[in-house]
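Values quoted throughout were computed directly from the atomic coordinates according to the rules given, and no laboratory measurement underlies them. Source: prediction; values computed, not measured. Reconstructed Cβ throughout: ideal geometry from the backbone, glycine too, with neighbour counts over all protein chains shown.
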Amino acid sequence: MKIGGQKKPTITAMRKRMTREQKLEAKKRLKEEKAKESGTFPYVIEEEDVSKLISSSNYVTPFILTSKLRIKLSKSREILRRLASEGKLELVEKNRELEVYKPLVA
């Protein structure tokens with residue numbers, strides 16, 4: 001039967017652990033900065049950009065909107081559903097993974 005609990009880490013072990021943690025934090029910060037610089041997910045989406053993209057195509061899917069406007073897939077689904085409820089788009093096909101919309105000529 002052992003008494004006394006866990007052994008304290010040595011100074012070198014603590015130093016190694018701290019440098020590993022610092023490297024991980026630096027990688028995480030660098031990744032966040034790259035995402036901000038690349039503009040992968042802009043927070044403001046212009047209504048004109050969306051309408052221009054929709055009017056120029058025969059059909060629209062959330063993936064098309066995501067790839068062209070560089071927004072999140074969930075945000076593009078939300079935009080397309082809102083436009084369909086406003087009557088600007090018609091839902092042609094929907095299943096668990098995909099929604100296909102057709103722009104209505106106004």
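I'd like to know if the stretch 44-64 contains one or more residues that are on the phi < 0 side of the Ramachandran plot, surrounded by fewer than 10 Cβ atoms within 10 Å (Cβ to Cβ) and not in a loop (DSSP other than H, G, I, E, B). Scanning the stretch 44-64, I find at least one residue that is on the phi < 0 side of the Ramachandran plot, surrounded by fewer than 10 Cβ atoms within 10 Å (Cβ to Cβ) and not in a loop (DSSP other than H, G, I, E, B), so the answer is yes. Taking every residue in the stretch 17-35 that is under 30 Å from LYS72 (Cα atoms) and without any contact (Cβ under 8 Å) to a residue 60 or more places away in the chain and pairing it with any residue that is of a type in the set (Lys, Arg) and in a helix (DSSP H, G or I), at least 6 positions away or on another chain, yields no pair with a Cβ-Cβ distance below 8 Å.
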